[in-house]
1. I'd like to verify a number: residues in the range 67-125 that are open to solvent by 100 Å² or more (accessible area, probe 1.4 Å), at pLDDT below 75, farther than 29 Å from residue 147 by Cα and in a helix (DSSP H, G or I), how many?
2. Filter the range 148-176 down to residues that are touching a Leu at 6+ places or on another chain (Cβ under 9 Å) and not in a strand (DSSP E or B) and give me whichever is most open to solvent (accessible area, probe 1.4 Å).
3. Does residue 145 meet the test of being touching a strand residue (DSSP E or B) at 6+ places or on another chain (Cβ under 9 Å), open to solvent by 40 Å² or more (accessible area, probe 1.4 Å), more than 16 Å from residue 190 (Cα to Cα) and not aromatic (Phe, Trp, Tyr)?
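The values are calculated or read from the model by the stated rules, or taken from the named source; none is laboratory data. For clarity, every value in this text was computed on a predicted model and none was experimentally measured. Virtual Cβ from ideal backbone geometry, glycine too; neighbours counted across all protein chains shown. Only protein heavy atoms, including side chains, enter the accessible area calculation; ligands, DNA and RNA are left aside. Shrake-Rupley method; radii C 1.70, N 1.55, O 1.52, S 1.80 Å.
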Amino acid sequence: MAKESAEEKLLKMMQKTAPSVAAKSVMPAPAKKKFKFAFSIGALNIILFLGILGCVVALGFEMNSGYSLLHQSVEFPVESKAGNPLTDIALPSTQSADYYLQKINERNIFKPYVAKTAQKAAVQGIEQLMSKYKLVGISWLDLPETASVMIEDTQKNETFFLKQGEQLEGVTVKTIYTDRAVFSHENEETTIKL
C-alpha cells in the first residue's frame, strides 16, 4: 500500500469530524417561485393601437359636439345691468388714424429734435389760463354722467363745481377720470391731476 500523504490524511480527518457542516452546505436552499411577466412586442403594439383608436374616437366626439354648438344661435341681452363696474369707468376718447399718423411722422428718430415754437406757445396758452386753478377733488354718484370736478381759484379763494362739457373762462372740461381731469381750449388740451 502506498503511503498516504499529509494532505490526504488532513482531508480524511476533516470529513470524519464535520459531516454535518458539509451536509448543510451541500443541501440546496428551497427555491422561491418568482413571477415572470412576459410581454411581447406584438402585445405592446396591440395595446398602443387600442389607445390610439380610443383617442381618435374621443376626438371625433369632441369635434361633433363642437360642430353642433356652432349651429346654435347666441342672444345677448340688450339691457345692461345697473351695477356693472365697466360702465362707471370714463374711457378717453380716441382720435382718427390721421391724427396718430401725423404725430408719428412729426418725430423722426434719425433727426435731431427741434421744438416748434408755435405749438409750444399754444400749449402755454391753456397752461397760462389754468395756472391759477387747482383741482381739489372729483365727485360722482352712480353713473359717469354725474361726475363733477371741484376746481379752486387760488387767487380769489373760490371753488367751482363743473361737469363734463361745462366751461370756466373759455376752458372746457373734456373728460373726468377718477384721479385727473382733461381740459380743452381751442383745440389744445391739458391734464390736471389731483
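1. 2
2. 169
3. Considered against the rule, which asks whether it is touching a strand residue (DSSP E or B) at 6+ places or on another chain (Cβ under 9 Å), open to solvent by 40 Å² or more (accessible area, probe 1.4 Å), more than 16 Å from residue 190 (Cα to Cα) and not aromatic (Phe, Trp, Tyr), residue 145 comes out as yes.
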